[in-house]
Amino acid sequence: MKIFVLGSGAGGGFPQWNCNCPNCSGLRAGTLRSSARTQSSLAVNDGGEDWLLVNASPDLRAQLETCPALQPGRAVRDTAIAAVLIVDAQIDHTTGLMTLREHTKRLPVYCTPSVHSDLTTGYPLLTVLEHFRGVDWRPVDAVGRKPFRVPELPGIELQPIPLPGEAPPYSPRRHQPAEDDTIGITFVDRASGQRVFYAPGLGGWTDLVVEHARQADVLLIDGTLWKDDELADRGAADKTGREMGHLAQTGDDGMLERLAAFSGRKILIHINNTNPILDEESPERAKLEAAGIEVAYDGMEIEVG
Ligand code: MLT
Ligand code: MN
Ligand code: ZN
């Protein structure tokens, strides 16, 4: 199983268009050792020609050009994207569906009933897409923890679980999220049994999250913020990480402390532009390195099995 990181940044990307925090301005000025990051998305492959797009970011059009395997060129209009899986209904994970409107047939989209509900009401992307070829919704039962396969990628089993989090601002469940507003996925390479646990938005630890993290050979896990109050601290916004459904790397129940308990390869992903770990020369980044924790970057390739 192969995973290509199309976008390793959180909502807004890095640098964010209107942000002059030390990271964003440092990257623009060329004084910060780091690299630009587009918004949160993966492409997953089982060795065949077809790929599963996991989250569709607003940066999708440019991201696809960075992964040549996604455009096999077999016909005038073609793509290797066989289906899309969406882990929450947030703008950074869904807006790229609009970029796929030129698809020549109905696009299979895997998401939970709660995500489907937001994407047909508060942020009605799927309704708009019905005026094009439309999507073929394939419901994901995360509450029932029902494993499934995408028929075009028979080498991979997907195991969905509910994650503590927040519903998007346009959801009627904003501060009372349903269990399936945010999900995590373990991708299992069926030939080798190797497991990759993906949770780009993790608002808390449940027994189930711990179990999936413990069993994972690779963890691709919420790296949004270093500190819960980082946005306020940088004068960027007044929301805390917890209010947005993201656990910070430090503080109470901090990600660093938690990750120490797991033996798999640990990679932080969905990194906000304010996070000091983006600076490769920062003390925070050195702390991660000492703990054996990696920071995802655009174009990163992960292979298991
Ligand atoms: C989040 O992950 O909390 C959201 O994507 C934030 C946003 O982009 O508005
Ligand atoms: Mn996000
Ligand atoms: Zn910034």
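For the chain, what does the alpha-carbon gyration tensor say about shape, rounded, prolate or oblate, given a ≥ b ≥ c as the root eigenvalues, a/c under 1.5 as rounded, and a/b over b/c as prolate? Before the final figure, lay out each step's value.
Values: a/c = 1.35, a/b = 1.30, b/c = 1.04.
Rounded shape, in that the Cα axes give a/c under 1.5.
Comparing Asn20, Cys67, Leu247 along the charge dipole axis of the chain, the residue lying farthest to the positive side is Cys67, per the Cβ-charge model. Taking amide H positions as modeled 1.01 Å from N, with prolines and chain starts lacking one, the residues under 5 Å from Val140 and 5 or more places away or on another chain are Cys111, Thr112.
Across the range 241-252, computed HN-Hα scalar couplings (Karplus, 6.51 cos²θ - 1.76 cosθ + 1.60, θ = phi - 60°) run x, 4, 5, 9, x, 10, 7, 6, 6, 10, x, 4 Hz from first to last residue, x flagging Gly and Pro.
Computed from the C-beta positions of Val76 and Arg173, the FRET efficiency with R₀ = 45 Å rounds to 0.60. Is the shape of the range 241-305 rounded, prolate or oblate, going by the alpha carbon gyration tensor and its root eigenvalues a ≥ b ≥ c, with a/c under 1.5 for rounded and a/b larger than b/c for prolate? Note, shape of the range 241-305 comes out rounded. Each Lys and Arg adds +1 at its Cβ and each Asp and Glu adds -1 at its Cβ; summed about the Cα centre, the chain shows a dipole of about 600 debye. Taking amide H as placed 1.01 Å from N in the peptide plane, Ala56 has its amide H under 5 Å from the amide H of Thr94, Gly96, each at least 5 places away in sequence or on another chain.
Quick check: from the Cα gyration tensor, does the range 180-305 come out rounded (a/c under 1.5), prolate or oblate?
Details: a/c = 1.91, a/b = 1.47, b/c = 1.30.
Because a/c hits 1.5 or more and a/b exceeds b/c, the range 180-305 counts as prolate.
Given their separation in residues at 0.36 nm each and the Cα-Cα distance between them, Phe148 and Thr127 gain 5.1 nm when the chain is fully extended.
For the range 68-188, the extents of the C-alpha atoms along the principal axes are 46, 33, 21 Å, listed from largest to smallest.
Distances between placed amide hydrogens fall under 5 Å for Leu225 paired with Gln249, Asn272, all partners being 5 or more residues away or on another chain. If you plug the beta carbon distance of Glu289 and Trp205 into 1/(1 + (r/R0)^6) with R0 = 30 Å, you get a FRET efficiency near 0.80.
Highest average first, the peptides 255-266, 11-22 ordered by how many other beta carbon atoms sit within 10 Å of their residues are 11-22, 255-266.
All of the numbers you see were taken from the coordinates with simple rules; none came from a lab. Remember, predicted model here, so these are calculated numbers, not experimental data. Cβ coordinates were reconstructed from backbone atoms using ideal geometry, including for glycine residues, and neighbour counts include every protein chain displayed.
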